[in-house]
Amino acid sequence: MTNYGYSIAAWMILATIPLYAQGPTEKAVPVTPDNFNRAESDMYFAQTVNLAGGTGKFHHYREIIPIDKQPVIRSNRDTLYSSAVFDLDAGPVMVSLPDAGKRFMSIMLIDEDHYVPAVFYGTGAHTFTKEQIGTRYLIVGIRTFVDPASPNDLEQVHALQDAIKYNQASPGSFAVPNWDHESQKKVHDAAGASRDPARYKTYVWGEGSSRPRAALDRNGHGMGRQS
């Protein structure tokens with residue numbers, strides 16, 4: 001099953017130490033409401049790259065994310081996460097899920113502008129290009145159902161994580177602007193303070209979870225991004 005055109009406050013697997021490929025003297029780029037979503041994505045993508053040890057590599061969470069150490073709120077309590085950032089300037093990437101039987105396993109794609117171009121469920125191979133996604137970098141998030149109380153089930157999920165296949169001619173590199181953290185925080189905090197519940201529901205999540213990108217409200221999207 002595949003769903004297209006979503007714009008949601010998408011989950012991402014994060015670390016606490018950002019990694020940016022930029023020169024030490026590169027001038028900081030001010031963050032405004034117009035570029036806030038891109039700045040936030042670049043920050044979170046960088047943290048995923050840091051966890052995985054580079055682009056074109058998956059990082060697998062082997063345990064349920066602790067409630068008191070969640071990098072993003074509302075992390076699932078019954079799935080293990082895997083994530084990777086791919087540089088689509090380096091060429092198309094193929095990602096394939098193993099046969100998990102009746103177990104829930106999904107792929108979510110998130111572009112640099114914080115949109116979800118597609119979601120896939122179940123076994124199968126999928127190829128992604130820059131033309132399809134629309135931005136240079138793509139994060140691929142995979143969730144696999146697990147019974148955290150069962151050591152045997154954890155082992156089975158670890159095996160499924162290890163069976164995820166991916167292929168790209170070159171891993172490329174990770175190079176993003178040197179976003180100014182002070183102005184980024186100001187926009188982040190302002191978006192949270194101005195959140196309107198009615199606007200948040202209509203213009204962030206979309207009606208029926210299928211509202212096209214062009215119909216979304218930029219500021220409302222920023223509210224969702226902040227949460």
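The values are calculated or read from the model by the stated rules, or taken from the named source; none is laboratory data. None of these values were measured; they are calculated from a predicted model. Cβ placement follows ideal geometry from the backbone for every residue including glycine, while neighbour counts extend to all protein chains displayed.
Can you go through D147, D153, D113 and tell me which one is part of a loop (DSSP other than H, G, I, E, B) and more than 29 Å from D42 (Cβ to Cβ)?
Details: D153 fails: part of a loop (DSSP other than H, G, I, E, B); D113 fails: more than 29 Å from D42 (Cβ to Cβ).
Every option except D147 fails the conditions.
If the Cβ limit is 8 Å and pairs must be 6+ apart or interchain, which residue in the range 73-85 that is within 21 Å of D42 (Cα to Cα) pairs with which residue that is charged (D, E, K, R) and in a loop (DSSP other than H, G, I, E, B)? Between residues of the range 73-85 that are within 21 Å of D42 (Cα to Cα) and residues that are charged (D, E, K, R) and in a loop (DSSP other than H, G, I, E, B), the close pairs are A84/K57. Checking the stated criteria, F86 turns out to be among the aromatic types (F, W, Y) and either crowded, with 17+ Cβ neighbours inside 10 Å or in contact with a helix residue (DSSP H, G or I) (Cβ under 7 Å, 6 or more places away or on another chain) (or both). Just the residues that are modelled with pLDDT under 75, among the acidic types (D, E) and more than 22 Å from the chain's Cα centre (by Cα), please, taken from the range 173-210. Residue satisfying the conditions is D196 alone. Across the range 98-129, which residue is farthest from V176 (Cα to Cα) among those that are in contact with a His (Cβ under 8 Å, 6 or more places away or on another chain) and surrounded by 21 or more Cβ atoms within 10 Å (Cβ to Cβ)? Once the filter is applied, the top-ranked residue is I107. For G134, the conditions (1) crowded, with 20+ Cβ neighbours inside 10 Å; (2) touching an Asp or Glu at 6+ places or on another chain (Cβ under 7 Å); (3) not acidic (D, E) all hold with the exception of (1).
A Cβ distance below 6 Å, combined with a sequence gap of six or more or placement on separate chains, defines the contacts here; from the range 13-40, residues that are modelled with pLDDT of 90 or more reach residues that are β-branched (V, I, T) and part of a loop (DSSP other than H, G, I, E, B) in the pairs A39/V31. Pairs are defined by a Cβ separation below 6 Å, a sequence spacing of at least 6 or placement on different chains, a first member in the range 154-175 that is closer than 22 Å to D89 by Cα and in contact (Cβ under 8 Å) with a residue 12 or more places away in the chain, and a second member that is crowded, with 19+ Cβ neighbours inside 10 Å and among the aliphatic types (A, V, I, L, M); the pairs so defined are Y166/V95; Q168/V93; F174/V49.
Only one of the numbered conditions (1) at pLDDT below 90; (2) surrounded by fewer than 19 Cβ atoms within 10 Å (Cβ to Cβ) is not met by G54, and that is (1).
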